[in-house]
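Peer 1: If you scroll down you'll find the structure; I have some questions about it.
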Amino acid sequence: MMRDPVNFRDLGGTPVFKGCIAPRTLFRGAGLHLLAAARLRELGTEFGISGIVDLRSEREAVMDGTAPVSAAQTLYRIPLGTAIQDLSRIPIDDLLPVTYGHLLDECSAYLVDALRTVTRALTAGGVLIACTAGKDRTGVLVAALLGLLGATPEVIVADYHRSDAAFANIMELYGSSPSAEAAMNLLPPEVHHAPAHAMEKLLDHVSSTWGGWDLWARESGMTDYEMEELRSALVHIP
């Protein structure tokens, strides 16, 4: 068991277009499956977290377990990710941005589903987005969310890069998660960090391939009304 979530933070106060994310509405983290039920309940009470969006695969949930949510919390499972064939052909420095671009392009329907789920879950209270490390799948979803809220590239990159400070805890988390052993053994240590250049390259990809976050969302099936719903639920305008 772990005492606290790994790579956990409140995104409240993050500057976006016309304001900032309201405090105690949106959180990100990892390792929820290793928390005691009482501790997860305490976090719900302390931060007002009533919804948890779990982006891990069914295989990960079976092998590692699921978050022990209380009766006052709802777990939303949205498996995100498809394998990239032959990672050995991708330069190490490009492994993360290529993986993130793959998630954005090939899993866009799941990402939009997750964004809709966040909007819906916010009607009941704060929402915590999580995966195994809280930096890759969570990082891409949070980047998309911040992009749709009008955050600048610098803000998106800075939030992503904050996960790098949790590197040691992430590696410890991997060691406690059977499904992550292959990643630890097969992938170079560099990919377990959160380097700024990885998110910078993803943002370049969004701009050059999709023309921006709003256009990516529309092409992926999200309506303008749904985007405005998301903004209304999260943005605090002074």
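The values are calculated or read from the model by the stated rules, or taken from the named source; none is laboratory data. All values reported here derive from a predicted model rather than from experimental measurement. Quick note on the areas: whole protein, heavy atoms, side chains included, nothing else; ligands and nucleic acids left out. Shrake-Rupley method; radii C 1.70, N 1.55, O 1.52, S 1.80 Å.
Peer 1: When you scan segment 1-62 for strands (runs of 3 or more DSSP E) that lie fully inside it, which ones turn up with 1 or more residues that are open to solvent by 10 Å² or more (accessible area, probe 1.4 Å)? Reasoning before the result, please.
Peer 2: Values: elements: 6-10, 19-21, 26-30, 49-54.
Those strands (runs of 3 or more DSSP E) span 6-10, 19-21, 49-54.
Peer 1: Among what's in segment 63-103 and is among the hydroxyl-bearing types (S, T, Y) and open to solvent by 70 Å² or more (accessible area, probe 1.4 Å), pick the residue that is nearest to A124 (Cα to Cα). Lay out the reasoning, then the answer.
Peer 2: Step one: filter segment 63-103 for residues among the hydroxyl-bearing types (S, T, Y), giving 66, 70, 74, 76, 82, 88, 99-100.
Now drop any that are not open to solvent by 70 Å² or more (accessible area, probe 1.4 Å), which leaves 82, 88.
Values: T82: 31, S88: 44 Å.
Per the criteria, the residue is T82.
Peer 1: Does segment 150-164 contain at least one residue that is of a type outside the set (V, I, T), farther than 20 Å from G29 by Cα, open to solvent by 60 Å² or more (accessible area, probe 1.4 Å) and assigned to a helix (DSSP H, G or I)?
Peer 2: Yes; the residues of segment 150-164 include at least one that is of a type outside the set (V, I, T), farther than 20 Å from G29 by Cα, open to solvent by 60 Å² or more (accessible area, probe 1.4 Å) and assigned to a helix (DSSP H, G or I).
Peer 1: Go through segment 201-238 and report how many residues are in a loop (DSSP other than H, G, I, E, B) and either hydroxyl-bearing (S, T, Y) or open to solvent by less than 30 Å² (accessible area, probe 1.4 Å) (or both).
Peer 2: Filtering segment 201-238 down to residues in a loop (DSSP other than H, G, I, E, B) leaves 211-212, 220-223, 237-238.
Of the ones still in play, those that are also either hydroxyl-bearing (S, T, Y) or open to solvent by less than 30 Å² (accessible area, probe 1.4 Å) (or both) are 212, 220, 222-223.
Total satisfying the criteria: 4.
Peer 1: Still on this model: Restricting to segment 104-146, give me the number of residues that are open to solvent by 10 Å² or more (accessible area, probe 1.4 Å) and assigned to a helix (DSSP H, G or I).
Peer 2: The total comes to 10.
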